[in-house]
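Computed from the coordinates by the stated procedures, all read-outs in this text should not be read as laboratory data. Computed from a prediction, not measured in an experiment: that's the story for all the values here. Ideal geometry is used to build each Cβ from the backbone, glycine not excepted, and the neighbour counts take in all protein chains shown.
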Amino acid sequence: MPFIAKGIFFAFFSFLSIASYSQADFFSSISDAIRSDPKLDFKIDSRNSFVGSRYARILGVKIGANYDDVFKVGIGYNMLLSEVRTNRMITNSAGQRELVSARFRMRYVSPYAEYNFYNESPFQLSILVLTGIGSSNFTYQDLYGVEHVTPKKINFIYEPYMLGEFKPFKYVGFGAGVGYRLIASGNKYTQRKVNSPIYVFNLKIYFDEIWDDVTIEK
């Protein structure tokens with residue numbers, strides 16, 4: 001896992017250096033973009049990662065503003081979809097010590113910003129950074145069938161990505177990317193197990209272009 005993480009970080013920062021090779025061009029392109037009228041940026045994505053050694057899928061919904069397909073900014077909501085379990089020693093409803101299989105749950109809100117540094121149809125390359133705050137906890141059932149929910153612990157999340165898109169059709173495209181999730185948490189399990197490489201493969205529906213065409217026709 002450390003080797004994979006180093007490889008992803010190397011790839012990410014290599015492309016970051018390409019994107020920001022000229023700081024003047026970088027800030028100038030964003031400055032020019034935000035002078036344009038913003039369009040709706042709406043995305044539903046599924047991100048693949050790991051919790052410990054277990055595969056874990058995160059569902060994300062993002063909504064924000066798209067400035068000239070160069071700079072996007074908004075807010076998202078994310079939750080762990082996969083059923084990730086770990087063994088925990090607990091005190092059950094009868095006051096006895098018991099080893100249970102507890103389900104790990106996590107969700108967080110995440111402001112995001114995305115910079116598109118290459119846009120030559122049908123290909124796009126961009127860097128996406130999101131920062132998040134949320135919570136994680138465990139749910140489990142003891143020997144007597146009593147359901148338990150542990151107190152929620154606050155998490156702070158930082159996720160940088162490098163993303164690529166292939167858009168062969170006006171409203172439909174394909175996306176892929178790599179990134180890394182860094183987390184600071186009061187939950188020891190979250191702190192130790194949730195830092196992870198992330199990889200993305202998805203089908204993209206361009207709702208902003210559909211919306212623009214519908215509103216123009218009206």
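Tabulated data for the structure shown
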| item | result |
| --- | --- |
| For the stretch 45-204, the Rg and Dmax computed from alpha carbons only, in angstrom | 18.7, 65 |
| Kyte-Doolittle at least 1.0, axis length at least 20 Å by Cα - qualifying DSSP helices, the chain | 2-19 |
| Cβ charges +1 (Lys, Arg) and -1 (Asp, Glu), total dipole of the stretch 2-217, debye | 1480 debye |
| Chymotrypsin sites (Phe, Trp or Tyr not before Pro) within the stretch 159-212: DSSP coil, no more than 13 neighbouring Cβ in 10 Å | PHE169, TYR171 |
| Alpha-carbon centroids, the stretch 20-73 and the stretch 89-116: separation in whole Å | 28 Å |
| q = 0.21, 0.22 Å⁻¹: log10 I(q)/I(0) that the Debye formula gives for the stretch 39-119, counting C-alpha atoms only | -0.96, -1.00 |
| Listed residue (TYR180, ILE210, ASN195) projecting farthest to the positive dipole end of the chain, Cβ model | ASN195 |
| The chain: most fluctuating residue of SER49, SER31, SER110 per GNM, C-alpha cutoff 10 Å | SER31 |
